[in-house]
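We did not get these values from a lab; they are worked out from the coordinates using the rules stated. Computed from a predicted structure; not experimentally measured. Note: ideal-geometry Cβ built from the backbone for every residue, glycine included; neighbour counts use all protein chains shown.
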Amino acid sequence: MRFYCGLDLSARTCQVCVIDEDMTVKVQKKVRNDLHLIMDLISPYKKRLVCVVESTFNWYWLVDGLQEAGFDICLAHTLGLRMITGAKVKTDPRDALKLAKLLRAGMIPKAYIYPKQTRPVRDLVRRRIRVVNMRAAEYMTLRRLMYQQGILEHSRNGIKQILEEDIQEIFQNKWVQIHAEHELARIRLYTVQIREMERAIHHTVKGSKNYERLLFVTGIGKILAITIFYEIGEITRFPNAGEFSSYCRVVPGVAQSGNSVKRGRGSKQGNRYLKWAFSQAAAYAVRSNEKIRRYYQRQLRRHRGKGEKLIANNIVAHKLAQAVYHMLRDGTDYKEEMLFSN
């Protein structure tokens, strides 16, 4: 007889529920987040046990620990668990039991368990993107401060050249000067952190053939190549280029019912970091490559109306994503002539 374990993980505790094939509850207990306590509860069923845990923010330690201990465990994608998240009555015991029942029925929407060895680097790449956005927000705050004081003679790039010694000359009020000095201090701190992260991350991809292949793709520079490299994980987890493109959010979803067909459904399903990377690469490629720019302009003429530039850029991003998939899967080099015809 097989057993099925649902693990409802929260910040400090974990609800453990084990059922058998007849849906009989064998274990239903809440314990604090301690790997040994959890394993003590489920070890009697280990040989015939399958476990599932929802991909909450803190699943790393539990999934890694159970895998290393030899347990069969899968990660459930939160997007497909509306039965739990949308329930009228939602408690930890009910959630753990529902996870176990869904596992028993083979209805768990499985998420990818990113390799433990490179997961911290991927997370650092994501952190770098967030810090860059935080620094950009500080630049915007400083610029708004200048507008507030009636200072109009500045540009978006010029604001990046302001030094601490310029503050007193730009702003006359001492309280505003304090505000501006604090903004500059945060910008300097973020800049130092970004450089440290970039140095550390670049060191991890030295000698990687897949990373070097990505650099030859039009529009993809070092930062975008690193983002794509680490966000993909194992390219073999995608059976075809269509699945990969969908994961990258560069193809629209479809909602069809009867004779009604609507495109654009589920646009936020997939990996937002790969969406960002390929969208940025497409924009750079259009600006820097004449052949790709002509292709982009043809798409603009075909999709006139609201959002035409966004649609055309996304089509170019889709082409680049397809190229990356085949390059990494087959170990081949980038061939622009196969993507963008004259």
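Could you list which residues have their amide H under 5 Å from that of Cys51, counting only those 5 or more apart in sequence or on another chain, with H placed in the peptide plane?
Cys5, Asp72, Ile73, Cys74
Can you work out the Karplus-derived ³J(HN,Hα) for every residue in region 148-159? Use 6.51 cos²θ - 1.76 cosθ + 1.60 with θ = phi - 60°, whole Hz, and x for glycine or proline.
Each residue of region 148-159 in turn: 4, 8, x, 9, 9, 7, 7, 10, 5, 7, x, 5 Hz.
Compute the separation of the alpha-carbon centres of region 49-74 and region 124-162 and state it in Å as a whole number.
Each part's Cα centre sits 42 Å from the other's.
Taking C-beta distances below 4.7 angstrom as the pairing criterion, name the unpartnered cysteines of the chain, in sequence order.
Within the chain, the cysteines lacking a partner Cβ under 4.7 Å are Cys14, Cys17, Cys74, Cys248.
Counting helices only, and only those DSSP H runs with n ≥ 4, report the 222 nm mean residue ellipticity of the chain as the sum of -39,500 (n - 2.57) divided by its residues, in deg cm²/dmol to the nearest 500.
Values: 13 runs with 177 residues, N = 342.
It lands at -16500 deg cm²/dmol.
Kindly express, to the nearest 10 degrees and within the range 0 to 90, the angle between helix 222-232's C-alpha long axis and the longest C-alpha principal axis of the chain.
10 degrees
For a quick protection proxy, order the peptides 132-138, 201-207 by their average other-Cβ count within 10 Å, most packed first.
Working: 132-138: 14.9, 201-207: 13.3.
With the highest mean Cβ count within 10 Å placed first, the list reads 132-138, 201-207.
Which residue, Ala200, Ser155, Tyr139, has the largest displacement toward the positive end of the dipole of region 119-204 when charges sit on each Cβ (Lys, Arg +1; Asp, Glu -1)?
Of the candidates, Ala200 comes out farthest on the positive side.
Report the per residue volume, in Å³, of the convex hull enclosing the C-alpha atoms of region 3-111. Before the final figure, lay out the partial values.
Values: hull volume 10.0 nm³, N = 109.
About 91 Å³ per residue, rounded to a whole number.
Can you compute 3J(HN,Hα) from phi for each residue in region 101-110, using the Karplus curve 6.51 cos²θ - 1.76 cosθ + 1.60 with θ = phi - 60°, rounded to whole Hz and x for Gly and Pro?
Running phi through 6.51 cos²θ - 1.76 cosθ + 1.60 with θ = phi - 60° gives 5, 5, 5, 4, 7, x, 10, 7, x, 6 Hz.
Can you work out the Karplus-derived ³J(HN,Hα) for every residue in region 196-211? Use 6.51 cos²θ - 1.76 cosθ + 1.60 with θ = phi - 60°, whole Hz, and x for glycine or proline.
In residue order, the calculated couplings are 5, 5, 5, 4, 5, 5, 4, 4, 6, 9, 4, x, 7, 5, 5, 5 Hz.
If the only charges are +1 at each Lys and Arg Cβ and -1 at each Asp and Glu Cβ, what is the size of the charge dipole of the chain around the Cα centre, to the nearest 20 debye? Let's see the in-between values first.
Numbers: 59 positive and 33 negative charges, 247 e Å.
Rounded to the nearest 20 debye, it is 1180 debye.
Just name one of Tyr273, Ile315, Thr78: the one whose Cα is farthest towards the positive end of the charge dipole of the chain (beta-carbon charges, Lys/Arg +1, Asp/Glu -1).
Looking along the dipole axis, the top candidate is Ile315.
Specify the angular offset, from 0 to 90 degrees and rounded to the nearest 10, of the alpha carbon long axis of helix 272-288 from the longest principal axis of the alpha carbons in the chain.
30 degrees
How large is the dipole of region 199-334 about the Cα centre if only Lys and Arg carry +1 and Asp and Glu carry -1, each at its Cβ, rounded to the nearest 20 debye?
Numbers: 25 positive and 8 negative charges, 140 e Å.
It comes to approximately 680 debye.
Would you mind working out the magnitude of the charge dipole of region 119-204 relative to its Cα centre, with +1 at each Lys and Arg C-beta and -1 at each Asp and Glu C-beta, to the nearest 20 Debye? Don't skip to the end; give the middle numbers.
Numbers: 16 positive and 11 negative charges, 148 e Å.
Value, rounded to 20: 720 debye.
Test of understanding: in a Gaussian network model of the chain with alpha carbons linked when under 10 Å, which of Glu231, Glu54, Glu290 would top the mean-square fluctuation ranking?
Glu290
What does the charge count around Met39 come to, taking other residues whose C-beta lies under 12 Å from its C-beta (Lys +1, Arg +1, Asp -1, Glu -1)? Present the calculation step by step, with values, prior to reporting the outcome.
Numbers: positive: Lys46; negative: Asp34, Asp40, Glu68.
Net local charge, Met39 excluded: -2.
If packing is taken as the average count of other Cβ atoms within 10 Å, what order do 293-304, 315-326, 40-51 fall into, highest mean first?
Numbers: 293-304: 14.2, 315-326: 22.8, 40-51: 16.3.
Result, highest mean first: 315-326, 40-51, 293-304.
List the relative contact order of the chain as a percent without decimals, with contacts defined as Cα pairs under 8 Å and 6+ residues apart. Can you show the working numbers first?
Numbers: 430 pairs, mean separation 41.0, N = 342.
The value is 12 percent.
With a sphere of radius 14 Å drawn around the Cβ of Pro115, what net charge do the other residues whose Cβ falls strictly inside it have (Lys, Arg +1; Asp, Glu -1)? Each step should come with its number before you reach the end.
On the way: positive: Lys116, Arg119, Arg122, Arg237; negative: Asp64, Glu68, Asp123, Glu231, Glu234.
With Lys, Arg at +1 and Asp, Glu at -1, the net is -1.
Among Trp61, Gln28, Cys248, which residue has its Cα positioned farthest towards the positive end of the charge dipole of the chain, with +1 placed on the Cβ of Lys and Arg, -1 on the Cβ of Asp and Glu, and the dipole taken about the Cα centre?
It is Cys248.
Ranked highest first by the average count of other Cβ atoms within 10 Å around their residues, in what order do 222-228, 210-216 fall?
Those peptides, ordered most packed to least, come out 222-228, 210-216.
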